[in-house]
1. Can you name the condition, by its number, that Arg58 falls short on among (1) surrounded by fewer than 21 Cβ atoms within 10 Å (Cβ to Cβ); (2) closer than 29 Å to Gln174 by Cβ; (3) under 15 Å from the mean Cα position of the chain (by Cα)?
2. Identify all residues within the range 6-27 that are in a loop (DSSP other than H, G, I, E, B), out of contact with any His (no Cβ under 9 Å at 6 or more places or on another chain) and surrounded by 17 or more Cβ atoms within 10 Å (Cβ to Cβ); write none if there are none.
3. (1) of a type in the set (D, E, K, R); (2) out of contact with any Gly (no Cβ under 6 Å at 6 or more places or on another chain); (3) without any contact (Cβ under 8 Å) to a residue 40 or more places away in the chain: which one isn't true of Glu166, the others all being true?
4. When you scan the range 197-212, do you find a residue that is crowded, with 22+ Cβ neighbours inside 10 Å and closer than 20 Å to Arg242 by Cβ, even just one?
5. Scan the range 150-196 residue by residue and report those that are surrounded by fewer than 17 Cβ atoms within 10 Å (Cβ to Cβ) and touching a Cys at 6+ places or on another chain (Cβ under 7 Å).
6. Test Arg226 against the stated conditions and say whether it is modelled with pLDDT under 95 and among the charged types (D, E, K, R).
7. Give me the residue from the range 28-82 that is out of contact with any Phe, Trp or Tyr (no Cβ under 7 Å at 6 or more places or on another chain), farther than 30 Å from Val238 by Cα and not in a helix (DSSP H, G or I) and, out of that set, farthest from the ligand (Cβ to nearest atom).
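The values are calculated or read from the model by the stated rules, or taken from the named source; none is laboratory data. Just so we're clear, the structure is a prediction, and the values are computed from it rather than from any experiment. Here the Cβ positions follow ideal geometry from the backbone for every residue, glycine too, while neighbour counts run over all protein chains shown.
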Amino acid sequence: MRVLVLTGAGVSAESGIPTFRGRDGYWRNLDPAKLATPEAFARDPKLVWEWYRERRQRIRNAQPNAAHEAIAKLAQCADELLLVTQNVDDLHERAGLAKGEMVQIHGDIFVTKCSRCDFKQHDSRFSVAPATYGAASEQQEGRENGVPRCTKCNALMRPGVVWFGEPLPARETQRIENYLQRDSCGVVIVAGTTATFGYIIDWALRASHRGGELIEVNPEETPLSRFATRLVREPAAVALPRLIDPLL
Ligand code: OAD
């Protein structure tokens, strides 16, 4: 059985990570234009870094839930599986999914990359939050006012995520294209996303276009619902283990 799984913030909600557009979602209280665009970073990199550090800390304190674990189990049993997640957290990986079986299409919050050259590094989730650093250690760490600088070209470093108005990472989209072009999928699961971005619906429909099951797991209706062959209006950590166990 060939499987495609597409996930969004709803899958990490039960691990204590806020969604974006849900009741206590980030975008309900914060303005994405002030935090998740290249212009916002140019205007106030300190504010942007403070927000991403707060999110990193929340993710460090979180644990994968039964939804992440069920998907990792399915990956071990399916003939072929690709997980495409919009989530920048590392909960799918911590649940045991191999990097080769997943695509983080909106980037990885624990990656820090130069805003000018190609330098980037992975800040392990164990690395201590800079709030505890004094001015001196900031100096040592090439930080200024909480904003890290590139050790290669001294430009500002930014979180390794995709911001509004930015293209998706080419290497990652190519991996999805390769997977979709190789063959269709018997099962497509779309969980915890408002499917706001057209490419999520496009990938789901293309993967299931030869009669595969298209299962939406979401307590609420989304633009994808009308295409689904099965709707599961329940939280992912409840629905996915029950949905996946019979497939194992
Ligand atoms: P959203 O916040 O837009 O949507 C979360 C979805 O999850 C909603 O449809 C909820 O109904 C559903 N949901 C909430 N709790 C759930 C649960 N326990 N189980 C299952 N579903 C649940 O988040 P995304 O669709 O992931 O992008 O947002 C997509 C992108 O928009 C994000 O990656 C981010 C955001 O702006 C960028 O920043 C580029």
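1. (2)
2. Gly8, Ala9, Glu14, Ile17, Pro18, Thr19, Phe20, Gly22 - these are the residues of the range 6-27 that are in a loop (DSSP other than H, G, I, E, B), out of contact with any His (no Cβ under 9 Å at 6 or more places or on another chain) and surrounded by 17 or more Cβ atoms within 10 Å (Cβ to Cβ).
3. Among (1) of a type in the set (D, E, K, R); (2) out of contact with any Gly (no Cβ under 6 Å at 6 or more places or on another chain); (3) without any contact (Cβ under 8 Å) to a residue 40 or more places away in the chain, the lone unmet condition for Glu166 is (3).
4. No, the range 197-212 has no match at all.
5. The answer is Lys152, Cys153, Ala155.
6. It is false that Arg226 is modelled with pLDDT under 95 and among the charged types (D, E, K, R).
7. The residue in question is Asp44.
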